[in-house]
């Protein structure tokens, strides 16, 4: 992965990798492209699992189209985004999603003063320990909250204030097994919190102990893919994609036999409708998991 994996913003870093997925998709890339096109509702937003336009799912619908070199339907998406104004009333995750959607369409299209207003709202979710949480006034932040906040600042092209306070927050989330959890005081790490922490530290240019890569690799399921935590019975696509991304940040190659098992696992989640299921028990298809399918395939295409 080292030849193509460069340090860029969170959004562009993932997009760069997802663009490698067609090398493994082959002729199926056209089905995936059509799937993402169908995920943009007539109102202009990306469909959630009930088919309703939602800012969070719009992130992945737009990113999927961009990864497959498809022109975005800006004439539908832009008016819908403008309807959200500067994000008044949105929760933390959807504020980050609003910023990311505008970044995907192009910074020059953003409404005047949009960035400053959204980031002021983001800062309201800063916890007392310097991290970020989905609740205003929290004592401590979490890895996912820091991931969302850093992404919003990058998407709006503003340097995050006091980034080392986020690092301090992550320090309190470390677990004795060499990973990170999404809350303080836990003894066992979780895959997505660990992947988020690794990716954040990588973005901030800080060193990361090799134990994190060892822990992540240990979450591989015997039949391919990665578990969300050590005790999880099944692998899932989100954990697989984020683990592969974190391992790339750590410059830790995926062993060839595991790479093949991961490819087999992802193939079991593929649907002829053009999307990917999230795990073996998931009956739904959506833009989020389908983008994570592209991300995972992108990493595996260069293994």
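Before moving on, here are some points about what is shown:
- For the chain, calculated [θ]222 nm from helices alone, where every DSSP H run of n ≥ 4 adds -39500 (n - 2.57): -15500 deg cm²/dmol
- Gyration tensor verdict on the chain (Cα atoms; rounded if a/c is under 1.5, prolate if a/b is larger than b/c, oblate otherwise): oblate
- For 186, 65, the sequence from fewest to most other C-beta atoms within 10 Å is 186, 65.
- Each of 270, 84, 280 was scored by other Cβ atoms within 10 Å of its Cβ. Arranged with the fewest first, they read 280, 270, 84.
- Among 41, 228, 196, the largest mean-square fluctuation in a Gaussian network model of the chain, built with springs joining Cα atoms closer than 10 Å, belongs to 41.
- Highest mobility in the GNM of the chain, judged by mean-square fluctuation with C-alpha springs under 10 Å and restricted to 187, 11, 100, is found for 187.
- Ordering 53-60, 105-112 by mean Cβ neighbour count within 10 Å, with the highest value first, yields 53-60, 105-112.
- Rounded, prolate or oblate (a/c below 1.5 giving rounded, otherwise prolate when a/b exceeds b/c) for the stretch 112-267 by Cα gyration tensor: prolate
- Order of 50, 70 under a 10 Å beta carbon neighbour criterion, fewest first: 50, 70
- Prolate/oblate/rounded label for the stretch 1-94 (Cα gyration tensor, a/c 1.5): oblate
Laboratory data are not the source of any read-out in this text; all were calculated from the coordinates shown. These figures come from a predicted structure and were not determined experimentally. Glycine also receives a Cβ, built like all others from the backbone with ideal geometry; neighbour counts cover every protein chain displayed.
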